[in-house]
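Report on the structure given below.
None of the figures in this text is laboratory data; all of them are computed from the coordinates on show. Remember, it's a predicted structure, so these values are computed and weren't measured experimentally. With ideal geometry, Cβ positions are generated from the backbone for all residues, glycine too; neighbour counts draw on all protein chains shown.
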Amino acid sequence: MKELLVYIKEYTKECILGPFFKLLEACFDLAVPIVMASVIDKGIASGDKWYIFKYGGILILLAVIGLTCSVTAQFFAARAATGFAANLRYALFKHIESLSFTEIDSIGTATMITRMTSDINQLQSGVNMALRLFLRSPFIVFGAALMAFTIDVKAAVVFVVVIPLLAVVVFGIMLISMPLFKKVQARLDDVLGITRQNLTGVRVIRAFNKEQAELANFADSNEKLTAMQLFVGKISALANPVTYVMVNIALIVLLWTGGIQINAGNLTQGELVALVNYMSQILVELVKLANTIVLATKAVACGTRVQGILSVNSSMQDGDYGIEDSARKPGLQKKSGGAEVKFEHAGMKYKGAGANSVSDIDFIAKPGSITGITGGTGSGKSTLVNLIPRFYDVSEGCIKLNGRDVRTYKLDALRQSVGIVLQKSILFHGTIRENMLWGNKDASDEEITEALKAAQAWEIVTGKEKGLDYVIEQGGRNLSGGQKQRFAIARALVRKPPVLIFDDSSSALDFATESKLRKALQELSYNPTIFIVSQRTSSIQHADNILVLEDGELAGQGTHEELLKNCEVYREIYNSQV
Amino acid sequence: MAKERNNDTIKMVFKYIKKYKISVVLSLFFAAVTVVLTLYLPILTGDAVDYMAAKGRVDFERLLQLIIKMAVIICLTGISQWIMNICNNKITYNIVRNIREDAFNRMEILPLKYLDAHAPGDITSRIIADADQFADGLLMGFTQAFTGILSIIGTLLFMLSINIWITLVVVIVTPLSFFVAGFISKRTYKMFQMQSAARGKQTALIDEMIGNQKVVQAYSHEDEALESFGEINKKLSKYSLDATFYSSITNPATRFVNNLVYAGVGVTGALFVLNGFITVGGLSCFLGYAGQYTKPFNEISGVITELQNALACAARVFELANEEPQVPDVKDARTPETLKGEVVFDNVHFSYVPDKKLITGFNLHVKPGQRIAIAGPTGCGKTTLINLVMRFYDPTSGSIKIDGTDIKDMTRKSLRNNIGMVLQETWIKDGTIFDNIAIGKPEASKEEVIKAAKASHAHSFIKRLKDGYDTVVKEDGSSLSQGQKQLLCIARVMLLSPPMLILDEATSSIDTRTELKIQNAFAKLMEGRTSFIVAHRLSTIQNADIILVMKDGNIIEQGNHESLLEKGGFYANLYNSQFA
């Protein structure tokens, strides 16, 4: 939580000025009872009407100054809070972008999105509140006590006794209820989870006649939630009455000692009224404080969660060998022929997994060659190709690109050199052209057209009235599955990378289109090294080398003919499809 | 119209409140006690001040009596406030629990027609977020609105009892407070709208970029994404500043009005003391009132917005809870234990939307133990047939009979107990792998579950998971691939081995080789059992006894694989296109 303070540093001035003006306002508030006391003791006692009017004027003046101060304070507080939130959001966004796939998998996108949105929003209002109230309330409480002492020491002793007691009660209740509120939230999440599940799985639940069980399950969670709410409610319901009783008992003590002091001639009636006023100011502020504490608690919890993400660091270390180095030394060369990809006994285990997902993978893909990868569900095909652009790092062995370990390249340079089309085609809100430019920001319309043609997507573009300016909606909702897939392929081709990977990315294409695509790929002028992952043997049987995976291990490699002869697994796959 | 709906909602809320009548009466009673006692205290304080006029003139005897009286009142106030709070908590949380439970119960018996047409997120937010907001609003309403109104009335009465003219000063200045608050809130509303619009845009961007972080990284698009994020972020920050600042002016402004009231009371009060109309103690008491008088006004205006919001939320929950449920099982519905599986479709008509006919005059006779495959292009009604057999939807006219009984005349439970279903959309329950497989038979032994998993070829991947069968999986868990999820769903049915089977694209995400292996297990399972198989992949359905080729809701061809190929019609075309 403390680490988040960096993001408010830019607003140090506001963070000081805001509370400062708030305190100034509080000072004027504190002056009010004193002014009133002199109205009573001097104005009334001497019967001086002018004196009363003059001091009435002072009261109004104090109100005006108070207003000015507090508006200024609110402004600074708002500025610091919104600025802080903006800084934090930006930093968090940047941080999330720097995380590797391993961290993205373990945190989960839904969590990251909530942290970015609702958590930071809560934090913003928490900071705003804190700047405005957290200093003001204690200040008024102590200020009122202090002022009481300037009036009469003996009568004011009760303030010294009651304030620490009140602090103990208020903070005690807070400390007890804070973890309980967390529990309430957790139980609410349970209820939410059950509801969601019942909606998404309604067919299965009804097919298996689980309605009654689910109802009982829900009622149970709901009951637990209510019980927790009632329990927490009982504790927080104590806060107001207890503070009320304590402050007013103090008031009684004040009246008694005040009476003694007046009788002895040490105190005037007006001064006693002022003391009583201070006591009631304390009560009002304490109630406010108790209410803001709830908000602050929530904000702290949000802050801790946000900090939790910020403290996760990418498990991937960047290399230092860039593309620019390749002119002098052998390395990645952009746009001029394929690269050699070599797996040397590579193995990979996902974080938290029980066993390797792929192990002991050993092969060479020559520059400009086509490698097919096939195997059953969960055999490790995707994992294998994800290792090339370092979405994940190997846990054993290594992968070399043009003779260098991929881990020694700058990540940015490495990924610029690898075009990968993922299983799920994801397009972004924007025109077709903008989506294509993801592949290469500097691509001309000609290059884009060329890529679209090779990806068999040009006919989709010409079918749209606006051509390349056709706007794709978020997630590509206004395109069919096959259209999205072809655009995703084109996006990778625009880059003209030395290595091209197709991770089961032509599944939504019909056979005719797929074979046209295959032909176009073979004719690419820059001759990239190509990897094609597919369950369909027809998609890979023309490859120069085919890798057959079975439970994460290489069950065989070779050409289609060789494998049919020597590889049992490949034969089975092939036969299951004809 | 809107008002009428509002009234309906309020009526519903009262229906729920009724159950907690006693608590409500108690709450209102103690609220009144609290307010009266709270307001009475300043008067006693004023009296106390009057008992100590000056040096040597303090009446200790009466002061002591008064102080004891005050102590009793203070304690009573504290206790009654506490009881009131507890009553309010009890009313609110219990009502919300009941509302939530009713809504959920209703959801469980709503027809799929409704559930399919509404986004799960929407329904969830009604049951959870709306109900919660309603609770907050109701609690605030109870605690603050009632006590607030009582305080205002009480304060006025108490002030009037002391002095009419000073009270008038207070009453005259009060509307100013309303005016100021109204003026500010109108301005703020616009700014809040701008803020939410900017927030919405930013959330969309976050959704897109963070949600698809892997693609962003694959294309090293991080810098561009950050740049466009930065732009929106700046805009949002600006709108947010405006909205936050203007809304936070309300408080100082009303406090200012409050201070004016205080000054007014102070001056006029002092003048009245001079003329002997009131005592110094009376003035002190007045000042106490003036300090708190405007507070309930602020609170009440806050409560009104909160209550409006709460009512809107309640209306959304009630809308769900009042939705027409599915047709209940008929009174003397039959509960066949084990069906043989003779299925007859008799002139079945069905459509999802009244003016868009889908299935018209569908007839089919399936003998027990037959394997029926349904093929055809997307949207031809394949899945609809299954929806009808499972009674997820009921036919518009015509009937479906199993073993001679109309399925409408059996309980849904017994019907569904007899049918094992695997769908294309896999659904994983939050829980362990074991729980997921045993969903239809929670009492199953570990051996049975492993046997089912082995039969569906799920065992090999399960045993490689971290905790094997005890691994906890989540519905949106990316830890399982689509194919693996589908294998789990198949294992569920393998465990039950029900008399009838429905496989709706059950193997679409599974590789062909594994599918082939599962086919054997399925073949064993289907032996002697009536089964319906919907598949896109024609290799999956070749071995069926009858293949129905559907188009536009009608069967256009019917026969087995060989006879259909021979016929050279739609099916033959579809089949041959695979090899083109």
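Values as computed for the structure displayed
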quantity	calculated
Ranked packing of A:270-278, A:163-171, most packed first, by mean Cβ within 10 Å	A:270-278, A:163-171
Cross-link reach list, aspartates and glutamates versus A:Lys234, counting only Cα pairs under 20 Å and skipping chain neighbours closer than eight places	A:Glu223, B:Asp132, B:Asp136
Relative contact order (%) - criterion: Cα under 8 Å, at least six apart; region: the range B:279-435	25
Taking chain A and dividing mean pair separation by its residue count, relative contact order in percent (alpha carbons under 8 Å, at least six apart)	14
In Hz, Karplus ³J(HN,Hα) per residue of the range B:417-427 (6.51, -1.76, 1.60; θ = phi - 60°; x = Gly, Pro)	4, 8, 10, x, 10, 10, 9, 5, 6, 7, 10
Average beta carbon contacts from partner chains per residue of B:264-273, 10 Å cutoff	6
For residues of B:347-360, the mean tally of beta carbons on other chains within 10 Å	0
Cα pair distances in the range B:124-247, grouped into 10 Å bins until the bin that holds the longest one, percent each	11, 19, 25, 20, 13, 7, 4, 1
Nonlocal amide H pairs with A:Ile546, under 5 Å, H built at 1.01 Å	A:Gly372, A:Gly558, A:Thr559
Shape metrics for the range A:337-441, restricted to C-alpha atoms - Rg then Dmax, Å	15.1, 44
Charge dipole magnitude, Cβ of K and R +1, D and E -1 - the protein assembly as shown, Cα centre, debye nearest 20	1760
Taking all pairs of distinct alpha-carbon atoms in the range B:309-399, Kirkwood radius in angstrom	16.3
Tilt relative to chain B, helix B:295-321 - C-alpha long axis, 0 to 90 degrees, to 10	20
Average silhouette area of the range A:86-150, convex hull of alpha-carbon atoms, in square nanometres	5.9
Where only alpha carbons of the range B:15-57 are counted, the Rg and the Dmax (Å)	19.0, 63
Listed pairs A:Lys516/B:Lys214; A:Lys2/A:Lys410; A:Lys351/A:Lys441; B:Lys382/B:Lys429; B:Lys367/B:Lys408 exceeding 30 Å between Cα atoms	A:Lys2/A:Lys410; A:Lys351/A:Lys441
Hull volume in cubic angstrom per residue (convex hull over the Cα atoms of the protein assembly as shown)	196
Other-chain or far-sequence residues with amide H under 5 Å of A:Leu135's (modelled H)	none
Nearest-ten-degree value, helix B:446-455 long axis tilted from longest Cα axis of chain B	50
Packing rank of A:253-259, A:62-68, A:460-466, where each peptide gets the mean count of other beta carbons within 10 Å, highest leading	A:253-259, A:62-68, A:460-466
Per residue Cα convex hull volume in Å³ - calculated over the range B:1-160	138
Assigned charges on the beta-carbon of Lys, Arg, Asp, Glu; chain A dipole about Cα centre (debye)	1060
Kirkwood Rh in Å, taken over all unlike Cα pairs in the range A:388-524	15.6
Calculated from backbone phi, Karplus (6.51, -1.76, 1.60) coupling profile of the range A:174-184 in Hz, x at Gly/Pro	5, 4, 6, 7, 4, x, 5, 4, 4, 5, 4
Reference-scaled alpha-carbon Rg (2.2 N^0.38 Å with N residues) for the range A:117-196	1.67
Debye log10 I(q)/I(0) for the range B:3-86, one point scatterer per Cα, at q = 0.18 Å⁻¹	-0.82
Sequence-distant residues sharing a close amide H with A:Leu427 (under 5 Å, placed H)	A:Gly475, A:Gly476
For chain B, alpha-carbon Rg and Dmax in angstrom	35.9, 124
Crossing angle, helix A:136-151 versus chain A [Cα axis fit, 0-90 degrees, rounded to tens]	20
Sorted by Cβ neighbour density within 10 Å, fewest at the top, the residues B:His457, A:His542	A:His542, B:His457
Cβ-Cβ FRET estimate between A:Glu459 and A:Ala110, R0 fixed at 30 Å, reported to 0.05	0.20
Karplus-derived HN-Hα couplings along the range B:163-174 (A = 6.51, B = -1.76, C = 1.60, θ = phi - 60°), whole Hz, x at Gly and Pro	7, 5, 5, 5, 4, 4, 4, 4, 4, 5, 6, 3
Packing-based ranking, highest mean first, of A:24-33, A:306-315 given that Cβ atoms within 10 Å are counted	A:24-33, A:306-315
Per residue Cα convex hull volume in Å³ - calculated over chain A	225
Label point distance in nm, B:Leu565-B:Lys466, each placed 7 Å from Cα along Cα→Cβ	4.9
Near-label residues of the range B:133-171 by backbone N, under 18 Å of a point 7 Å along Cα→Cβ of B:Asn6	B:134, B:137-138, B:141-142, B:145-146
Cβ-based exposure ranking for B:Trp82, A:Trp438, B:Trp427, A:Trp50, in which fewest neighbours within 10 Å come first	A:Trp50, B:Trp427, B:Trp82, A:Trp438
FRET efficiency, A:Val471 to A:Ser444 (Cβ-Cβ, R0 22 Å, nearest 0.05)	0.60
Relative contact order [Cα under 8 Å, 6+ residues apart], chain B, whole percent	15
Two-decimal Rg to Rh for the range A:19-118 - Kirkwood Rh, Cα set	1.46
Shielding of A:416-423 by partner chains, average beta-carbon count, 10 Å	2
Ellipticity estimate at 222 nm from DSSP helix runs (n ≥ 4, -39,500 (n - 2.57)) divided over chain B, nearest 500	-21000 deg cm²/dmol
Taking all pairs of distinct alpha-carbon atoms in the range A:334-387, Kirkwood radius in angstrom	12.6
Cα pair distances of the range B:459-580 binned at 10 Å [whole percent]	11, 37, 31, 15, 6, 0
